[in-house]
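What follows is a set of notes on a single structure, which appears directly below.
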Amino acid sequence: MKKISFSNIYNYDCIDGMKSISKNKIDLVITDPPFAIDFKAKKANYNRKSSRVIEGYNEILPENYSQFSYDWISEANRI
């Protein structure tokens, strides 16, 4: 992956994108990870139709969620 230039918007996997940022370069990380695994709300509340989901979006499986969280939090801390 090419080096990230600042003041641009990139659509990368969050972990892969952060790996291309040098250590201690970021002052603030704002996240919106899928906190509500196994949340029992009405599906209609989220308007989760396939036409409203970005191409390439991958749901994190519950059995992979802990490792996924550890990986992105570690990269956020590094940068």
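Quick note: the coordinates plus some simple rules give every number you see, no bench work behind them. Values in this document were obtained by computation on a predicted structure and should not be read as measured data. Glycine also receives a Cβ, built like all others from the backbone with ideal geometry; neighbour counts cover every protein chain displayed.
For this structure, a couple of remarks:
- One chain, two ends: residue 27 and residue 71. Fully extended at 0.36 nm per residue, the span grows by 14.0 nm beyond their Cα-Cα distance.
- Between residue 6 and residue 57, the modelled labels are 3.1 nm apart [label points 7 Å from Cα along Cα→Cβ].
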